[in-house]
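Each reported figure results from applying straightforward, stated rules to the coordinates on display, with no laboratory input. Note that the coordinates shown come from a computational prediction; the quantities given were computed from them, not determined experimentally. Note: ideal-geometry Cβ built from the backbone for every residue, glycine included; neighbour counts use all protein chains shown.
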Amino acid sequence: NIRRNEQMKHINKKLAALFLVLVVAVGATACGSTIGDMDIAKGESAVYIQEDGKVSYGVAEKFDKDYYDESKLEDTINKEVADYNDGKKASVKNAITVDTFKVKSDVATLVLEFATTYDFSTYIKEYNKVESNEFFMGKIADNSDCKIKGDFTSPDKKKDATTKEIKAMEDANILIIKGKYKVQLDEDVKYISSNCSVDDDGIVTTDDSDENLSYIVY
């Protein structure tokens, strides 16, 4: 019906094919799971970039309607992961694994593990339908689609950098992402864009705007 179709459009960018058949709506209270050192609560997404190149990606969403089907959701998730792993774009065997899937206290939590940053990037763009100009993970020299612009500062706010200076750091890695995420990196964060924040544990929170890109240089 019309109401469910509108809900589907609302959540599509965040969970893409994973929750499409269930039309999950976004919430914003406690009760979730953990990725790295980050707790993810209902309505939150998180990315953990490990030193060996592996990536953990998690989402937690409200799951409180009678017509939601936990088994159907789990089957959909497993099928999507299997489709990617069996496809030509997977970099290694079992490039994606399901680390956690659970439904508890009306919250569905999913954590996926990616063998490489390449597989995470490919999944985000092709399965989550993220446009190439809205997401990039890799060396700054390899970025061609995402604009880099704005003001940058070190996590301790002791050093600033201009857009030109960031672009010149061609051997550095950068995460460019749209939307609100918690991000943890095993490597040192060199700079974040001014619309990001970082807590005492080094966890970066990106801009919650659907219009602005956030940048993390590492």
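A simple count of charges around residue 195, restricted to other residues whose Cβ falls under 10 Å of its Cβ and scoring Lys, Arg +1 and Asp, Glu -1, yields -3.
Between residue 132 and residue 66, the FRET efficiency estimated from the beta carbon spacing at R0 = 35 angstrom works out to 0.35.
For the options 141, 46, 108, a Gaussian network treatment of the chain with springs between C-alpha atoms closer than 10 Å singles out 141 as fluctuating the most. Screening the chain for whole DSSP H helices with an alpha carbon extent of at least 27 angstrom along the helix axis and a mean Kyte-Doolittle hydropathy of at least 0.5 yields nothing. In a GNM of the chain with a 10 Å cut-off on Cα contacts, which of 122, 205, 163 has the highest mean-square fluctuation? The residue with the greatest mean-square fluctuation here is 163. Averaging the Cα positions of each part gives two centres, and for the range 108-128 and the range 82-106 these lie 8 Å apart. For a quick check, take a GNM of the chain with Cα springs below 10 Å and name the residue from 51, 74, 113 with the largest mean-square fluctuation. The residue that fluctuates most here is 51.
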